[in-house]
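**Q** Once you've had a glance at the structure underneath, I'll fire off some questions.
The values are calculated or read from the model by the stated rules, or taken from the named source; none is laboratory data. Nothing here was measured: the structure is a model prediction, and the numbers come from that model. Glycine gets a Cβ as well: all are built from the backbone with ideal geometry, and neighbour counts include every protein chain shown. Heavy atoms of the whole protein, side chains included, go into the accessibility calculation; ligands, DNA and RNA do not. Shrake-Rupley method; radii C 1.70, N 1.55, O 1.52, S 1.80 Å.
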Amino acid sequence: MGILAIQDLSKHFGGLTAVNGLNLTVDEGEIRGLIGPNGAGKTTIFNLISGFYRPSGGTILYRGENIGGMKTSRIAERGVIRTFQHTTLFQELTVLENVLVGRHLQAESGFFSSLFGSDRPNAEAAEERGLEILAFMGLADRSDETASNLPHGLQKALGLAIALAADPKLLLLDEPFAGMNSEETRHMMTLIRRVRDAGITMLLVEHDMQAVMGLCDRITVVNFGEMLAEGTPAEIRADARVIEAYLGTA
Ligand SMILES: Nc1ncnc2c1ncn2[C@@H]1O[C@H](COP(=O)(O)OP(=O)(O)OP(=O)(O)O)[C@@H](O)[C@H]1O
Ligand SMILES: [Mg+2]
């Protein structure tokens, strides 16, 4: 039935329907793309899954439990973690401090407790685990640097590291490639594959079609808050409705 099963999900803002009767099932272990034109409702869907918005209708089943309308902290505790479309780093803190704060902001036990089989409760252990996450994201040699000094690509990598510190099982990535040059894009693709290889399921909202087509197992296309098409990257690339609504203009 999928790690995530969204059924008949709707969200209205006054007279505006941002999400309209959406059905979406994500299988455990996959990277699912979620694409569509500006204003199609992608970020709103993330806000609904992560509890920032309450659904107007429908259900959001995570491992069979309806998390729709739950508090963000309770959803995060279950391992559903999101990143933000506009990077939200603590600019004056160091890279390591950002990861340590990220752990406290979202869930109790860290991502690396699952990889390294321990849950040492003291500050020293938390720092060690933070450094492990930074190493995993290729940021180990930057741990003492002030976040604002990092180049754009590494700031985005740090955003991903902060999310990993909250021990995600299902990670919602909102435009992790935004503003990247091609070298930064290739690097981020490597990092996301590494996250997948660690067993984390991902839902990826992104306008960079090279990244989406290269990373995703399947892609769901939304338009005006409704599902327009779903399929493999090859199927989506060749879909006349998708080309007309989105790809032809992207
Ligand atoms: N809090 C809100 N209040 C009112 N309208 C909103 C709110 N959040 C989103 N919307 C509207 O809902 C629609 C969907 O917006 P959303 O941000 O989900 O689009 P998106 O697919 O993420 O677009 P983009 O690709 O540009 O990020 C838009 O018309 C937007 O203006
Ligand atoms: Mg958006």
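**Q** In whole Å and largest first, what semi-axes does the C-alpha gyration tensor of segment 137-234 yield when each eigenvalue is scaled by 5 and square-rooted?
**A** 26, 15, 12
**Q** If you build the Cα gyration tensor of the chain and take the root of 5 times each eigenvalue, what three semi-axes come out, in whole angstrom, biggest first?
**A** Those come to 30, 21, 16 Å.
**Q** Remind me, relative contact order of segment 1-54 in percent, using alpha carbon pairs under 8 angstrom and six or more residues apart?
**A** Once divided by the residue count of segment 1-54, the mean separation gives 31 percent.
**Q** For L93, what charge total do you get from the other residues with a beta carbon under 14 Å from its beta carbon, if Lys and Arg give +1 and Asp and Glu give -1?
**A** -3
**Q** Which value, in Å² and to the nearest 10, is the accessible area of Y246 when all protein chains are kept and the probe is 1.4 Å?
**A** About 10 Å², rounded to the nearest 10.
**Q** At Q210 and F84, where each label point lies 7 Å from the Cα along Cα→Cβ, what is the point-to-point distance in nanometres?
**A** Distance between the two pseudo-spin positions: 2.8 nm.
**Q** What number, rounded to the nearest 500 deg cm²/dmol, is the helix-based mean residue ellipticity at 222 nm of the chain, given -39500 (n - 2.57) per DSSP H run of at least four residues and division by all its residues?
**A** Result for the chain: -10000 deg cm²/dmol, rounded to the nearest 500.
**Q** Just the accessible area for E226, please: 1.4 Å probe, Å², rounded to the nearest 10?
**A** Roll a 1.4 Å probe over it and E226 shows about 80 Å².
**Q** State in Å² the accessible area per residue of the chain; use a 1.4 Å probe, count heavy atoms of protein chains only, and round to the nearest integer.
**A** 44
**Q** What share of the DSSP beta bridges in segment 166-250 is antiparallel, in percent to the nearest 5?
**A** For segment 166-250, the DSSP antiparallel bridge percentage is about 50.
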